[in-house]
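Every number in this text was worked out from the coordinates using simple rules, so none of it is lab data. Here the structure is a predicted model, which means the values were calculated and not measured. Cβ placement follows ideal geometry from the backbone for every residue including glycine, while neighbour counts extend to all protein chains displayed.
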Number of protein chains: 2
Amino acid sequence: MTTINDIAQMANVSRTTVSRALNNSGYVSEDVRRRIMQIVEETGYMPNQSAKSLRTKRSGVIGVILPRLSTETSTRVVNGINEVLAKEGFQILLTDTELDKQKEIDYIRLLKSRHVDGIILLATNVNEALIQTIQQVDIPVLAIGQELPGVPSLVYDDYHAAADLTNMLVRKGHEKIGFIGVTRDDPSVGVLREQGYRDMMQQHGHQINEAWIGEGDFSIESGYEQVKTILRNSKSDRPTALFAVTDRMAIGAIEYLKEQGYAIPEDIAVVGIGASMMSKYMTPSLTTIDYHNKEAGKQAAHLLLRQLKNEKIDPKFELSYRLILRDSV
Amino acid sequence: MTTINDIAQMANVSRTTVSRALNNSGYVSEDVRRRIMQIVEETGYMPNQSAKSLRTKRSGVIGVILPRLSTETSTRVVNGINEVLAKEGFQILLTDTELDKQKEIDYIRLLKSRHVDGIILLATNVNEALIQTIQQVDIPVLAIGQELPGVPSLVYDDYHAAADLTNMLVRKGHEKIGFIGVTRDDPSVGVLREQGYRDMMQQHGHQINEAWIGEGDFSIESGYEQVKTILRNSKSDRPTALFAVTDRMAIGAIEYLKEQGYAIPEDIAVVGIGASMMSKYMTPSLTTIDYHNKEAGKQAAHLLLRQLKNEKIDPKFELSYRLILRDSV
DNA sequence: CTGAAAGCGCTTACAG
DNA sequence: CTGAAAGCGCTTACAG
């Protein structure tokens, strides 16, 4: 492996000068610079990043913490992040918490020890230990998806998205709307989306039968199981529409409904959130909310980059969304 | 940031000893070890990885080069890789070539300069410059999806998968089978899959009308466009079945066929490859091949790990696949 | 415009 | 069982 010393020797200058030429810092005569660059070209020399990082305390690496590696949402966000960061010469160090709260914390510390310049955290829950760890490590962190106190956060407008979806169903004549949510440990998906639904139902004067409410775990299977339970428990007072807080759960629900011979949307309308690829191509196509995840990723990267430049940024950014009306309602 | 020196001072030993205790190398008295570990616990000390890496030439990071960040295939493979690697304490440094051959090469060099211990390359093409670069950097590389000369490769059995699919269609009574492939720059998807199809057609004595053949670019849209062209150009001699070499292109094709009022599979049968999530939930559900991508990722990680331990491994591993028969045929 | 020297935080022969 | 010292490959005041 050729080092800066080799280059210096070959160019007949000190390594100080090579470093300056490479980093465009300080004066280097045009003549010498050309000579150095030529040799760098020829040898294909690349500075050792560990050494550089050890010395400068910066690494050119951004850590990304994901709740799940293999969901469309995560993928899109990472894609957006990468698009912006790659252009600025940053690499992404990826970690997957598998929805484990402890891992979320462990990874923040780990990324710190790896000298990442910043962290983008796709948060799924909010707790004291997490916040505290972030303060401790003292590197720029940007949260996506949850509002983390003291951490610049990019959030989806979960409340209004859910409210809009509910209003839309009501406008279509539905009064009995079922709901499949997730754990309230997840403030955004678990709490805000349900709140939007409940508030709108109340506002329109529609009573909610608690038998219509289910709690899934984000998986397709849980959507399937929850709608089964809901239908079993509400025989005489069935909902005419169903609001699943994620596309995947909506897909599971539709699978069950189709199996049971229900016509969608005639017998029961279904909506989700996420604008997954499948929502578009399934039959019937699914009415859902597009959260522009890739844009979110890009914006997150930009915001983090601004933090790295020590710019002050707002503590909270709200993202836009779009309701996509399709055949399932 | 606390360093090994701080710990040494607090424990009243040299940093040599602290290092030994931390890495379980050489002798350290039980007494001293306990004292050190206690302090490490309390302070939450984590060794600086850049320093460690500079010194040991190992980083605990594996580079992964992807053709696209946001495809189901990539995601599943990465998921498998991560599952194995995380358990061994490795992190993943992710790069996305966006199907750009030059970037593939650039990233290999870049990852080298970042001291990654090894690289897993999801290859989409094979060329001299790429092979040469891999030899140059001289770190363990493992290829998935293409057979790279001189590089241990984990490959899908594209030829037989395509052959099986074709045979299955023939067995169902189809003699006129259309085909949507991709560029031959991609030896696996572009060449082998087409070869499997053509060989089986010939073997069964079924003439191929070249108007039935289209070339897409992996995208859903290209499947849509290609089937449109195929149908336009084969008016009097339409295929009764269509083999798209990826699920996404099959999905695009089906979209067009449904729009045009064709019944699937009655008017025309469609098959793909990939076992995407959508293939299962779309209507009609898609007959396809499952390549067990996550398993591939896991196996790739294991093989790379073995290389890191300087074990000799075979130059080529062939993965298994499974045909999933569904409603589209 | 250029270079000598110190130092980033580790590990590892070597000596005791 | 323990420590002093060298060195990994860089950058950056400092001096000229």
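Among the residues examined, residue A:180 does not qualify as within 14 Å of chain B (Cβ to nearest Cβ), crowded, with 18+ Cβ neighbours inside 10 Å, closer than 26 Å to residue A:294 by Cα and β-branched (Val, Ile, Thr).
Name the helices (runs of 4 or more DSSP H) wholly within region A:236-325 that hold at least 3 residues that are in contact (Cβ under 8 Å) with a residue 60 or more places away in the chain? Hits in region A:236-325: A:247-259, A:293-308.
Does at least one position in region B:37-47 carry a residue that is more than 10 Å from chain A (Cβ to nearest Cβ) and within 14 Å of DNA strand D (Cβ to nearest atom)? Within region B:37-47, one or more residues are more than 10 Å from chain A (Cβ to nearest Cβ) and within 14 Å of DNA strand D (Cβ to nearest atom). Taking into account only those residues within region A:40-60 that are away from DNA strand C (no atom under 14 Å from the Cβ) and outside any helix (DSSP H, G or I), which is nearest to the chain's Cα centre (by Cα)? Of everything passing the filter in region A:40-60, A:60 is nearest to the chain's Cα centre (by Cα).
Here the condition is being under 25 Å from residue B:108 (Cα atoms), facing chain B (nearest Cβ under 8 Å) and either more than 9 Å from DNA strand D (Cβ to nearest atom) or crowded, with 17+ Cβ neighbours inside 10 Å (or both); of A:54, A:22, it holds for A:54 alone. Taking (1) assigned to a helix (DSSP H, G or I); (2) more than 11 Å from every other protein chain (Cβ to nearest Cβ); (3) among the polar types (S, T, N, Q); (4) surrounded by 19 or more Cβ atoms within 10 Å (Cβ to Cβ) in turn, residue B:102 satisfies each apart from (4).
How about region A:99-114: which of its residues are touching a Ser or Thr at 6+ places or on another chain (Cβ under 6 Å) and charged (D, E, K, R)? Correct list: A:103, A:104.
Scanning region B:5-14 for residues that are more than 9 Å from DNA strand D (Cβ to nearest atom) and either buried (at least 18 other Cβ atoms within 10 Å of the Cβ) or part of a loop (DSSP other than H, G, I, E, B) (or both), we see that the one that is farthest from the other protein chains (Cβ to nearest Cβ) is B:10.
From the list A:63, A:80, the one residue that fits, being under 20 Å from the mean Cα position of the chain (by Cα) and under 18 Å from residue B:47 (Cα atoms), is A:63.
Assess whether residue B:189 counts as being assigned to a loop (DSSP other than H, G, I, E, B) and among the aliphatic types (A, V, I, L, M). Here the answer is no, as residue B:189 does not meet what is asked. Name the single residue that is surrounded by the fewest Cβ atoms within 10 Å (Cβ to Cβ) among those in region B:61-99 being part of a helix (DSSP H, G or I) and more than 9 Å from chain A (Cβ to nearest Cβ). In this case the residue turns out to be B:87. Against the test of being among the hydrophobic types (A, V, I, L, M, F, W, C) and either within 7 Å of DNA strand C (Cβ to nearest atom) or out of contact with any helix residue (DSSP H, G or I) (no Cβ under 6 Å at 6 or more places or on another chain) (or both), the options B:10, B:37 yield a single qualifying residue, B:37. Every condition in (1) in a helix (DSSP H, G or I); (2) over 24 Å from residue A:254 (Cα atoms); (3) among the acidic types (Asp, Glu) is met by residue A:194 except one, and the failing one is (2). Go through (1) within 14 Å of chain A (Cβ to nearest Cβ); (2) near DNA strand D (Cβ under 8 Å from one of its atoms); (3) crowded, with 19+ Cβ neighbours inside 10 Å one by one and return the number of the condition residue B:17 breaks. (1) is the only condition that residue B:17 fails.
Considering each residue of region B:61-76 in turn, at least one proves to be among the basic types (Lys, Arg) and away from DNA strand D (no atom under 16 Å from the Cβ).
Evaluation of residue B:27 against the conditions (1) assigned to a loop (DSSP other than H, G, I, E, B); (2) in contact with a Pro (Cβ under 7 Å, 6 or more places away or on another chain) shows that the sole unmet condition is (2).
Here residue A:38 clears all of (1) out of contact with any Ser or Thr (no Cβ under 8 Å at 6 or more places or on another chain); (2) crowded, with 20+ Cβ neighbours inside 10 Å except the condition numbered (2).
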